[in-house]
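This report concerns only the one structure given below.
The values are calculated or read from the model by the stated rules, or taken from the named source; none is laboratory data. The model shown is predicted, which means the values in this text are computed figures rather than measured ones. When we count neighbours, we look across all protein chains shown, and the Cβ atoms used for this are built from the backbone with ideal geometry, even at glycine. Note: accessible area is taken over every heavy atom of the protein model, side chains too, but ligands, DNA and RNA are not part of it. Shrake-Rupley method; radii C 1.70, N 1.55, O 1.52, S 1.80 Å.
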Amino acid sequence: MIAADTLVVYGNTCRYQDVDRVMRINRNTILGGGRDFADVQAVVRTISHKIIEDHCFQDGHHLSPKSLHSWLTRLLYNRRNKRDKLDVDLVIGGMTPNNKPYLGYVDSRGTALTSDVVTTGFSRVLVEPLIRERQPRHRPFTYVEAVNALRECMKVLFYRDTRSIEYYTIGVCSRDECKIKGPFKAKTCWKIAELNTGF
């Protein structure tokens, strides 16, 4: 699963409030993008060209999450070496051909990692410890546990991040296909704000 709010921020300006930053690449791969959204769109456009190029070979090969992650790592590292880097944080998720979940991360420098939990930006500090604390020790998350953890994380990010919005989408990959669900609204309570006086 990959979750992201629907806000696109340029500098300190909350520019667009209903943009899906979690995208379905194909039936077994999803992509979440952060930082400069124009650069994220450029990456998605490049991926679309790659998919069309692969389709022209008519060999039955489809871009898996692992191969997309590897290819994006090379692409972003190459752009960095040309001193024309794309300012992106990308999370790649999906199901591998042998039906195992895959989750990877790549940044604008081409630095990549894979893990059970991947976060970008401000969520590295705020919600990665929250997810790791809720993660079962000897088994993976169930679907319900993962959804509840992501909902709590999106609520915490909305409370704590000044450039955030309460609406978010969740990309879910199963053995059958990948879907983007939402937008959902974080359940918040601001009653404590009445006690903040004197500022």
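Taking a probe of 1.4 Å, how large is the accessible area per residue of the chain, in Å²?
With the other protein chains kept in place, the chain gives 63 Å² per residue.
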Seminar exercise, completed: Which of [x] 17.7, 68; [y] 29.0, 116; [z] 19.6, 65 gives Rg and Dmax of the Cα atoms in Å as computed here? It is [x]
Exercise. How about the stretch 119-161: which trypsin sites (Lys or Arg not before Pro) there lie in a loop by DSSP and see at most 14 other Cβ atoms within 10 Å?
Worked result: 137
Problem set entry | Residue order for 55, 69 - accessible surface, 1.4 angstrom probe, largest first | 55, 69
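For the stretch 80-199, with only Lys/Arg (+1) and Asp/Glu (-1) charged at the beta-carbon, what is the dipole magnitude about the Cα centre, in debye rounded to 20?
In debye, rounded to 20, the stretch 80-199 gives about 120.
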Seminar exercise, completed: Of all GluC sites (Glu not before Pro) in the stretch 148-190, the ones in DSSP coil with at most 14 other Cβ atoms within 10 Å are 177
For this session: About the Cα centre of the stretch 1-147, how large is the charge dipole given +1 on each Lys and Arg Cβ and -1 on each Asp and Glu Cβ? Please answer in debye to the nearest 20.
Result: 360
For this session: At 0.36 nm per residue, minus the direct Cα-Cα distance, what do residue 190 and residue 13 gain on full extension? Give it in nm, one decimal, please.
Result: 61.4 nm
Seminar exercise, completed: Carbon plus sulfur, as percent of the 1.4 Å-probe accessible area of the stretch 95-199, comes to 52
For this session: Mind checking the stretch 6-95 for chymotrypsin sites (Phe, Trp or Tyr not before Pro) that DSSP puts in a loop (not H, G, I, E or B) and that have at most 14 other Cβ atoms within 10 Å?
Result: 57
